[in-house]
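The values are calculated or read from the model by the stated rules, or taken from the named source; none is laboratory data. All of these numbers come straight from a predicted model, not from anything done at the bench. Note: ideal-geometry Cβ built from the backbone for every residue, glycine included; neighbour counts use all protein chains shown. To get the accessible areas, we keep the full protein, side chains included, count just its heavy atoms, and leave off ligands, DNA and RNA. Shrake-Rupley method; radii C 1.70, N 1.55, O 1.52, S 1.80 Å.
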Protein chains: 2
Amino acid sequence: MSAAESAVETIQREMTIFARRARASAGRMHPELSLVSYTLLGHLEERGGCRATDLAAHYALDKSTVSRQVAALERAGLIERRLDPEDHRVQVLHLTDVGQEILAQVTRSRRAAFRERLADWPEEDLVRFAAYLERYNAGPAGADSD
Amino acid sequence: MSAAESAVETIQREMTIFARRARASAGRMHPELSLVSYTLLGHLEERGGCRATDLAAHYALDKSTVSRQVAALERAGLIERRLDPEDHRVQVLHLTDVGQEILAQVTRSRRAAFRERLADWPEEDLVRFAAYLERYNAGPAGADSD
DNA sequence: ATTTCAAGTTGTACTATACAACTAGAACGT
DNA sequence: ACGTTCTAGTTGTATAGTACAACTTGAAAT
């Protein structure tokens with residue numbers, strides 16, 4: 001096996017390990033927020049509000065799934081729905097102040113975890129690793145956009 | 001923000017994206033085998049058979065979860081249970097021929113997907129990326145061993 | 001105006017998961 | 001040797017996240 005083939009094997013294996021671990025901890029990532037909720041909230045923050053349909057399309061989730069997630073997030077007071085005056089079918093979702101705070105808090109705690117894990121990496125390696133990951137995720141294979 | 005901090009941000013973000021995608025596709029990874037089943041079968045192959053309890057410990061799953069997964073895999077004819085003659089509480093799990101075949105098939109198709117995704121990467125980058133991932137996964141933070 | 005399309009909700013079902021209660025067998029301590 | 005405690009595994013029950021299908025409501029198009 002060539003060095004390239006063996007590297008691909010390793011990448012496959014390590015990505016699988018990471019995926020399994022992430023899956024295992026996705027539910028208990030934070031008492032307030034599952035991985036999916038966190039992602040949805042993050043998207044809302046980035047975009048400054050969007051429709052449930054946009055979330056569904058962006059994350060390749062069924063609209064019913066998003067509907068229930070959104071309902072839960074609203075119940076928890078993290079987001080609010082604003083009826084679009086232009087189109088009464090549409091509800092534009094926005095983070096509430098509480099939602100922003102919780103999101104920031106989870107982001108901080110995740111960031112701390114990553115920082116700690118990567119604490120002893122030389123800067124040069126961090127930069128290269130980050131670039132590789134971006135390149136990998138941007139790659140052609142994933143049918144799902146980010 | 002320093003280059004190192006910004007790289008850590010990127011690593012966090014890209015790992016989150018990867019985790020979410022992996023989660024989304026974990027169920028429909030292969031008609032025969034979910035990500036978890038694949039991992040369990042892989043472990044069985046590596047070890048040449050082991051107990052359900054070992055699988056549970058290794059992957060930080062509840063024994064009841066493993067029990068049901070194992071039952072499903074047995075029903076599907078991919079593994080078989082052999083009663084340990086030394087200790088009648090213990091069932092040693094082994095891949096069947098069919099199980100080995102399916103595992104090999106899924107491994108091949110996953111490998112092909114990774115190869116395709118990484119097809120245009122220079123060998124040097126593949127090798128470095130593989131090393132970074134290994135280092136990341138081997139890191140101290142993960143409470144769960146691999 | 002009627003048909004068709006789009007956004008969202010609700011009913012139903014399935015999978016993966018955990019925790020708790022249980023069964024069966026093994027090991028230990030007096 | 002016999003009861004206590006430990007271990008392996010199963011089963012009952014509950015929850016979360018997901019999808020698909022049927023439905024409601026509103027908008028657009030012919």
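Distances between copies at A:G139, taken between label points 7 Å from Cα along the C-beta direction, are 2.0 nm in increasing order.
Using a 1.4 Å probe over protein heavy atoms, the accessible area lost on pairing A with B, summed over both chains, comes to approximately 6300 Å². Note on chain A: GNM, Cα springs under 10 Å; of A:T16, A:T107, A:T65, the largest mean-square fluctuation is that of A:T16.
Annotation for B:E5 and A:E134: the two label points, set 7 Å from Cα along the Cα-Cβ direction, are 1.8 nm apart.
Across the copies of the chain, B:A26 has label points (7 Å from Cα along Cα→Cβ) spaced 0.5 nm apart, shortest distance listed first. The sum of -39500 (n - 2.57) across all DSSP H runs of n ≥ 4, divided by the residue count of the protein assembly as shown, sets its helix-only mean residue ellipticity at 222 nm to -21500 deg cm²/dmol.
The convex hull defined by the C-alpha atoms of the range B:1-128 has an orientation-averaged projected area of 10.7 nm². Across peptide B:1-9, the mean count of Cβ atoms from other chains lying within 10 Å of each residue's own Cβ comes to 6. Taking the axis that rotates chain B onto chain A, the chain B residue nearest to it by Cβ, with the distance rounded to whole Å, is B:R23, 3. Rounded to a whole number, what % of the accessible area of the range A:30-126 do carbon and sulfur atoms account for, probe 1.4 Å? Ligands and nucleic acids excluded, carbon and sulfur reach 46 percent. Once the dipole of the protein assembly as shown is set up with Lys and Arg at +1 and Asp and Glu at -1 on Cβ about the Cα centre, which of A:A71, B:A52, A:Y59 lies farthest towards its positive end? Toward the positive end, the furthest listed residue is A:A71. Ordered by 1.4 Å accessible area with all protein chains kept, A:I11, B:I102 run largest first as B:I102, A:I11. A Förster radius of 51 Å combined with the Cβ-Cβ distance from A:T65 to B:E86 puts the calculated FRET efficiency at roughly 0.60. Normalised by the number of residues in chain B, the mean separation of alpha-carbon contacts (under 8 Å, six or more apart) gives a relative contact order of 20 percent.
Computed over protein heavy atoms with a 1.4 Å probe, the accessible surface of chain B works out to 54 Å² per residue.
Of A:E45, A:E86, A:E101, the residue with the greatest mean-square motion in the GNM of chain A, using alpha carbon springs below 10 Å, is A:E86. Relative to the other identical copies, B:P85 shows label-point distances of 8.4 nm, where the label point lies 7 Å from Cα along the Cβ direction and values run shortest first.
The Rg/Rh ratio for the range B:19-68, using Cα coordinates for both the radius of gyration and the Kirkwood hydrodynamic radius, is 1.00. For the pair the range A:12-79 / the range B:83-138, the C-alpha centres are spaced 28 Å from each other.
The value for the protein assembly as shown of Rg(Cα) / (2.2 N^0.38 Å) is 1.11.
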